[in-house]
Amino acid sequence: MDRRDAVKHVAVIMGGVLSASTLTALLDGCEHQPQYGSGTSFTDDEQQMVSEMADIIIPRTSTPGAIDAGVPAFIVMMMQECYPEKDQQAFHSGLKAFNDFCTTKYGHGFLGLSPENRFAAVQALDTRINGAKKKSPGGFGGRGRNGADDSPPDPMQFYRHMKELTLVGYFSSKPGATEALHYIPIPGRYDGCIPYHKGDKAWAT
């Protein structure tokens, strides 16, 4: 299975909810040499935030978690090499906005929170972005006199890319595909009707 087929299969597993920018970044390919600059440079704190958030999205249970599958490095690499500059800048701005939110609500930045408060903060962020009614790309806010969304973009929208890349990175990794999903290295006969029981793993192949 080549990369395009793998990405399309992951999109099916996720219910086809990948954003257009993420699908473009994954299917069109990456630059072989990363760019350098404010958009592609992640500080140590930012990388740690990405790692901790990915671990909360897919924690280690009876199967490997996001960190075990190398997902944090995948997210940083994808942002550095595959996303346009505006998405890179939005991602950095979003991490800062989320950290500021944590400071306001809990008295500390995200990395200074207890595990319980880190989980609660990411859960609140997930609800804010994925639990809200669908809006135009401008984000949350009201509409102007002509019906256009005149509110500034919500910086927290970075979380949409964060979660998408976490899921794609995990389910296209060896631990995610072979341990979290049903996996047959060399498929044999085609069986179009396999019994499914609630709670069964989805198929990687």
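The values are calculated or read from the model by the stated rules, or taken from the named source; none is laboratory data. In this text the structure is predicted, and so the values were computed from the model without any measurement. FYI the Cβ positions are ideal-geometry reconstructions off the backbone, even for glycines, and counts take in every protein chain you see.
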- S21 meets each of (1) at pLDDT 90 or above; (2) surrounded by 13 or more Cβ atoms within 10 Å (Cβ to Cβ) with one exception, condition (1)
- Message: Any residue in segment 105-127 that is under 12 Å from I56 (Cα atoms) and touching a residue at least 12 places away in the same chain (Cβ under 8 Å) sitting within a Cβ distance under 6 Å of a residue that is among the aliphatic types (A, V, I, L, M) and surrounded by 13 or more Cβ atoms within 10 Å (Cβ to Cβ)? List the pairs, counting only those 6 or more apart or interchain.
- Response: F119/I56; V122/M53; V122/I56
